[in-house]
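Read the structure below first, then the notes.
The values are calculated or read from the model by the stated rules, or taken from the named source; none is laboratory data. Here the structure is a predicted model, which means the values were calculated and not measured. Note that we place each Cβ from the backbone using ideal geometry, even for glycine, and neighbour counts take in every protein chain shown. To get the accessible areas, we keep the full protein, side chains included, count just its heavy atoms, and leave off ligands, DNA and RNA. Shrake-Rupley method; radii C 1.70, N 1.55, O 1.52, S 1.80 Å.
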Amino acid sequence: MGQFFDAKDKTFVITGGASGLGAEYAQAFLQKGAMAVAILDISEETGKLTASRLNKLYNEKVVFVKCDVSKEEDIKNAFDFVVVQFRQIDVLINNAGIMNDAPNMWRTACDVNWQGVVSFTLKALKHMNKKEGGAGGTIINIASTAGLKVFPCLPIYGGSKLAVVHFGQNLATDPFYENSGIRVLTLCPGPTDTPLLHNLETRSYDPSLGKVFADTVGGSNVEYQKVESAAAALVHMFENGASGSTWLTVENRPAKDITPVINRIFKILSDEINIPSI
């Protein structure tokens, strides 16, 4: 694509935007000159506080919308509300996520991590598509390094995040961007210092694996990256990423485009299957 994309005067929708990485993404793009940002979250109190804090810094550019990403009616109402408020959505960041394979949480987590991403993406595709009168735009889906490696403690979470990677890869196949004017980008953050990594021993589908998970990921040998580093990686991907690309952000290192690796892996698998792509 070879094109630099600018956040200036763009409108953003960020799910899971009340705290953690979502709030950091919002501030990062406001610093880059975003015209307006809608932060969507189930946590109403935290979301309103975050919106208030950012509005004091960035001249009333932020709106908070309560939204449970596991519920289709909430997704529809929130998306429609933002369209009315902003008239045009330029960038959607599907950031909301739940890392919890526990018996009482895994289904809700899947609804948020996978079905919520699909639902918001489909609504954005219809809204942004140049062939349907839209102005084009960018959809950013947040996956995880848990979807790129075998992770026996969290097979459900890892599976949902690999689905997000493959979703973007398939959706953005040429000539999708040329036809629609919509970029689809995927970011895979490694362990990042957010509440997502608290109480790790309760997150596995198998309680005996929960302690292993907590000892491994929560151990001193794992370097959690700072939220500021992950946000900088997302901004870099937004400004430089080609549609269909997948990026990695780990250990406070610069963002890395891993699309060639992803493509090579799937080329090997495709050759084994020997079924032509449609």
Review point. About its Cα centre, how strong a charge dipole does the chain have in debye, to the nearest 20, once Lys and Arg get +1 and Asp and Glu get -1 at the Cβ?
Key: 440 debye
Study note, to complete from the structure: Computed for region 63-143: size of charge dipole around the Cα centre, +1 on C-beta of each Lys and Arg, -1 on C-beta of each Asp and Glu, debye to nearest 20, value 280 debye
Revision key, fill the gap. If R0 = 41 Å, then V261 and R107, at their Cβ-Cβ distance, give a FRET efficiency to the nearest 0.05 of 0.80
Point to revise | Probe 1.4 Å - accessible area at L57, Å² to nearest ten | key: 110 Å²
Review point. Can you give the accessible area of V150 in Å² (nearest 10), computed on protein heavy atoms with a 1.4 Å probe?
Key: 130 Å²
Review point. Ratio of the chain's C-alpha Rg to 2.2 N^0.38 Å, to two decimals?
Key: 0.97
Point to revise | Cα gyration tensor shape for region 31-190, rounded if a/c is under 1.5, else prolate or oblate | key: oblate
Exercise for review: Return the lysines within reach of K10: Cα separation strictly under 17 angstrom, same-chain partners fewer than 8 residues apart disregarded; answer none if there are no such residues.
Suggested key: K32, K61, K130
Revision key, fill the gap. Once Lys and Arg are counted +1 and Asp and Glu -1 for all other residues with Cβ under 12 Å from that of N141, the total becomes +2
Review point. Which whole-number percent gives the relative contact order of the chain, counting Cα pairs below 8 Å spaced six or more residues apart?
Key: 17 percent
Point to revise | Peptide ranges 59-66, 238-245, 18-25, 171-178 listed from the most packed, as the mean C-beta count within 10 angstrom indicates | key: 18-25, 238-245, 59-66, 171-178
Revision key, fill the gap. Expected sort for 103-111, 121-129 on mean C-beta neighbours within 10 Å, highest first, is 121-129, 103-111
Exercise for review: Find the centroid of the Cα atoms in region 137-176 and in region 91-133, then give the distance between the two in whole Å.
Suggested key: 11 Å
Point to revise | Interchain or long-range residues, amide H under 5 Å from I140's placed H | key: L92, I93, N94, L185
Check your understanding: Quick one: putting +1 on the C-beta of Lys and Arg, -1 on the C-beta of Asp and Glu, what dipole do you get for region 121-278 around its Cα centre, in Debye to the nearest 20?
Key -> 340 debye
Exercise for review: Classify region 77-137 as rounded, prolate or oblate, taking a ≥ b ≥ c as the square roots of the eigenvalues of its Cα gyration tensor: rounded when a/c is under 1.5, otherwise prolate if a/b is larger than b/c and oblate if not.
Suggested key: prolate
Study note, to complete from the structure: In nanometres, the difference between 0.36 nm per residue of separation and the alpha-carbon distance of V83 and E272 is 63.6 nm
